[in-house]
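Reviewing the structure listed below.
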Amino acid sequence: MTKAFLRLSLIAPLLIGPPILGMAAPTGVQAQPHDMFPTKAAALQRAKQLKCAGAFAMGPHWMPCKDLDAYNKAVRRG
């Protein structure tokens with residue numbers, strides 16, 4: 001295997017997101033794979049839309065809300 005292929009195989013799951021990110025919430029806001037952002041500022045902007053506070057690092061990316069539990073609650077709450 002080439003280094004590039006191996007690197008992509010390690011990064012691809014982060015770009016797609018864990019299965020919970022692809023699941024639709026029953027009502028309201030839906031979790032989106034694109035809720036992983038390259039900057040903290042972008043994640044904070046999405047946090048405002050989700051009505052949660054803060055942002056947290058997930059590997060090299062940023063996600064809205066203070067942590068994954070808060071994100072999941074915000075998405076379910078809609």
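Readers should treat all values here as calculations from the given coordinates under stated rules, not as data from a laboratory. All figures in this text were calculated on a predicted structure; none of them were measured in a lab.
Tabulated values for the structure
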read-out	value
For TRP62, residues with placed amide H under 5 Å, excluding near neighbours	PHE37, THR39
Nonlocal amide H pairs with CYS52, under 5 Å, H built at 1.01 Å	none
